[in-house]
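Student: Sharing a structure here in structure tokens format.
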């Protein structure tokens, strides 16, 4: 460390006071020789533009924490940023829980996935909290993300952190923060933690000198895995009626499974064993954790066939009825089913799985409570997800809520409803995230896999239908809901902001003037809701009722023919997403016509509003 600081003294810096100050602070504070050398090389090359990008703009809290590329710089994921974040989180927890006994008694839990540096980042964080006399529960093996959320409740912790970048490419990592209730943080905790980080930027101690043996000799540190595992699977069993678990023993369906080079396999194996199902058929090339993601550079099962080729190949070879796929941290689930009519595997969208699992949640509740009404039961979906649950609620009598995008909003709403005495049956988002019960106040790909398999067995043996046939039946009863979810790639945030600003100043730069139609007036827009600015043309006061976030872009267009299309930027990836849905009425059989109308309108909105060719945006490749 001293040698590198001496090297810096002999170098000519940029001459810009702010940048040079941050360079000196980085070299003084960073205890990792690799990232120190990265900065030194940039100085030697006089690459001041890159240094400005890396050091002047600090990584900010996004989707309940941090996510960025692993490299040197305050804008990235690295040892120093993790230590600073842990110090800030620790300071904020002390403010929120001033009773010191709660620090050593309740403490905090840390988990990590199999990505490069995940274990390192979790251990550095643990050291920070141990030095501050916190009890620390650190999983001493790869932890599925749902286990961290569950552990906070089971162990009565003050907070929890999972080190993961979920389905991002291998160069990325992240720091997902959960609050005392087990849900991902929302306001005011996100901004409070961010402010506390800025007040605690200088490492208080030489955390880098602590080795693993010394770390685990601390009496305040323990591995919670065995206790959490036992409690998690016991809780899962309570969500499925005993008769269904017993009947699973006679299941003649087979399930192919891929972990996408992540950590889900042992967790799903155990879940199948617990619910009395035969073991899954693993996609052997992708079953072991591998941070290089050699067979799937984009380890996101939501991408469809581009990421599920090997799973489909395995399923065909082994004659599996259904494919189950977790993302690398096992909090999301993709599902495909063999269609005998086409001899292909039908990949369900998150919205279609939401419809099926919503039906399944009601079915299981009524198995337990045959004569009960659903008036005190709740289901939740994000605003960009299908409105199918809203349509079901209108017929079945349960309460439906719509929240902002992201499980942090749905989980916190679920907890709020639970505290009010209501039963939360199910929540979902179109990005293949599912929460069945409130055992885990977050999306959970492990329990979802067990539920989908149990539902498939029930439908196959008891109703003699496939998942696809049941979905069609749901649409016949509650109305056909056809949807499209996709994206264009845009790595330039300034360009993204410019595109959205054009839409909200459509009439010669005048504020709150949005497009009025598409396809030269063929489809007219009735209402516009802008959750970046808080404008809602459908409200009497023109103000949106859902929370507003000026740090992200999100505009929803409601057309006179009932189509709803939302455009938004991603909080974790360089994507500009779009979500379109058209809802038919119960009994309306014109499904093909509805689907074609939606397709035409979706294409027009992307072409006219995003202007991909003009703005040099890359469209998602077709499966």
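Student: What is the distance in Å between the Cα centres of the range 249-265 and the range 311-351?
Tutor: 10
Student: Also, I was wondering about something else. State, as an integer percentage, the relative contact order of the range 481-619 based on alpha-carbon contacts under 8 Å between residues 6 or more apart. Numbers along the way, then the final one.
Tutor: Numbers: 237 pairs, mean separation 40.0, N = 139.
Across the range 481-619, relative contact order equals 29 percent.
Student: Could you tell me the calculated FRET efficiency between residue 519 and residue 12, based on Cβ-Cβ distance and R0 = 45 angstrom, to the nearest 0.05? Walk me through the numbers before you get to the answer.
Tutor: On the way: r = 59 Å, r/R0 = 1.31.
Computed FRET efficiency for residue 519 and residue 12 comes out at 0.15.
Student: Also, I was wondering about something else. Could you give the length gained by full extension between residue 211 and residue 418, i.e. 0.36 nm per residue of separation minus their alpha carbon distance, to one decimal place? Numbers along the way, then the final one.
Tutor: Details: separation 207, 0.36 × 207 = 74.52 nm, distance 4.28 nm.
Difference between extended and current length: 70.2 nm.
Student: May I pose another question? Counting DSSP beta bridges with both partners in the range 333-405, what percentage is antiparallel, nearest 5?
Tutor: Values: 4 of 9 bridges.
Counting only bridges with both partners in the range 333-405, antiparallel ones make up about 45 percent.
Student: Rounded if a/c is under 1.5, else prolate if a/b is larger than b/c, else oblate: which is the range 557-623, with a ≥ b ≥ c the root eigenvalues of its Cα gyration tensor? Spell out each step's value before the answer.
Tutor: Working: a/c = 2.19, a/b = 2.03, b/c = 1.08.
It is prolate, given that a/c is not under 1.5 and a/b is the larger ratio.
Student: Using a 10 Å cut-off around each Cβ, can you sort 409, 216, 208 from fewest to most neighbouring Cβ atoms?
Tutor: Working: 409 24, 216 14, 208 17.
Fewest-to-most ranking of 409, 216, 208: 216, 208, 409.
Student: Sticking with this structure for a sec: Taking the Cβ of each residue in 384, 210 as the centre, tally the other Cβ atoms inside 10 Å and list the residues starting with the fewest. Show your work: numbers first, answer last.
Tutor: Working: 384 27, 210 17.
So the ranking, lowest neighbour count to highest, is 210, 384.
Student: Let me ask something else. Would you work out the relative contact order for the range 57-230, in percent, from Cα pairs under 8 angstrom that are 6 or more residues apart? Mind dumping the intermediate values first?
Tutor: Values: 317 pairs, mean separation 51.4, N = 174.
That works out to 30 percent.
Student: Also, I was wondering about something else. Calculate, for residue 618 and residue 502, the FRET efficiency according to 1/(1 + (r/R0)^6) with r their C-beta to C-beta distance and R0 22 Å; round to the nearest 0.05.
Tutor: Efficiency, from the Cβ-Cβ distance: 0.70.
Student: Note the full-extension length gain between residue 599 and residue 295 as 0.36 nm times their separation in residues minus their Cα-Cα distance, in nm to one decimal.
Tutor: Details: separation 304, 0.36 × 304 = 109.44 nm, distance 3.17 nm.
Computed gain between residue 599 and residue 295 is 106.3 nm.
Student: When only C-alpha pairs under 8 Å and at least 6 residues apart count, what is the relative contact order of the chain, in percent? Before the final figure, lay out each step's value.
Tutor: Numbers: 1195 pairs, mean separation 63.3, N = 623.
Dividing the mean separation by the residue count of the chain yields 10 percent.
Student: Would you order 103, 29, 179 from fewest to most other beta-carbon atoms within 10 Å of each residue's own beta-carbon?
Tutor: Values: 103 21, 29 15, 179 25.
Final ranking by Cβ density, sparse to dense: 29, 103, 179.
Student: Stretched out fully, how many nm does the piece from residue 551 to residue 367 gain, at 0.36 nm a residue minus the Cα gap?
Tutor: On the way: separation 184, 0.36 × 184 = 66.24 nm, distance 4.46 nm.
Fully extending the segment from residue 551 to residue 367 adds 61.8 nm.
Student: Follow-up. Can you pull the one-decimal nm distance between simple spin-label points at residue 120 and residue 49, each 7 Å off the Cα toward Cβ?
Tutor: Result for the modelled spin labels: 2.9 nm.
Student: Would you please state which residues of the range 485-524 a label at residue 608 would reach in this model, taking the label point 7 Å out along Cα→Cβ and a backbone N cut-off of under 16 Å?
Tutor: 502-508, 513-524
Student: Applying a 10 Å radius around every beta-carbon, put 249-259, 71-81 in order of their mean neighbour count, most first.
Tutor: Values: 249-259: 20.1, 71-81: 22.7.
With the highest mean Cβ count within 10 Å placed first, the list reads 71-81, 249-259.
Student: Rounded, prolate or oblate: which fits the range 371-443 when a ≥ b ≥ c are the square roots of the eigenvalues of the alpha-carbon gyration tensor, with rounded for a/c under 1.5 and prolate only if a/b beats b/c? Walk me through the intermediate numbers first.
Tutor: Working: a/c = 1.90, a/b = 1.21, b/c = 1.56.
Cα axes put the range 371-443 in the oblate bin.
Student: DSSP beta bridges in the chain, what fraction antiparallel, as a percent rounded to 5?
Tutor: Values: 55 of 83 bridges.
Percent antiparallel among DSSP bridges in the chain is about 65.
Student: What is the spin-label model distance, in nm, from residue 37 to residue 489 if the labels are put 7 Å beyond Cα along the C-beta direction?
Tutor: Output for this residue pair reads 3.0 nm.
Student: For residue 230 paired with residue 273, estimate the spin-label separation in nm (one decimal), with each label point 7 Å from Cα along the Cα-to-Cβ line.
Tutor: With each label placed 7 Å out from Cα toward Cβ, I get 1.5 nm.
Student: Another question, if that's okay. For the range 161-199 and the range 544-561, what is the centre-to-centre distance using only Cα atoms, to the nearest Å?
Tutor: If we compute the Cα centre of each part, the gap is 24 Å.
Student: Here are some values of volume of the Cα convex hull per residue in Å³: (i) 211; (ii) 194; (iii) 169. Which one was computed from this structure?
Tutor: Matching the structure shown: (iii).
Student: Where a ≥ b ≥ c are the square roots of the eigenvalues of the C-alpha gyration tensor, would you call the range 57-230 rounded, which needs a/c under 1.5, or, failing that, prolate if a/b is larger than b/c, or oblate?
Tutor: Working: a/c = 1.23, a/b = 1.14, b/c = 1.08.
Judged from the Cα gyration tensor, the range 57-230 comes out rounded (a/c under 1.5).
Since every read-out is calculated from the coordinates, none of them should be taken as a lab result. Here the structure is a predicted model, which is why all the values come from computation and not from measurement. When we count neighbours, we look across all protein chains shown, and the Cβ atoms used for this are built from the backbone with ideal geometry, even at glycine.
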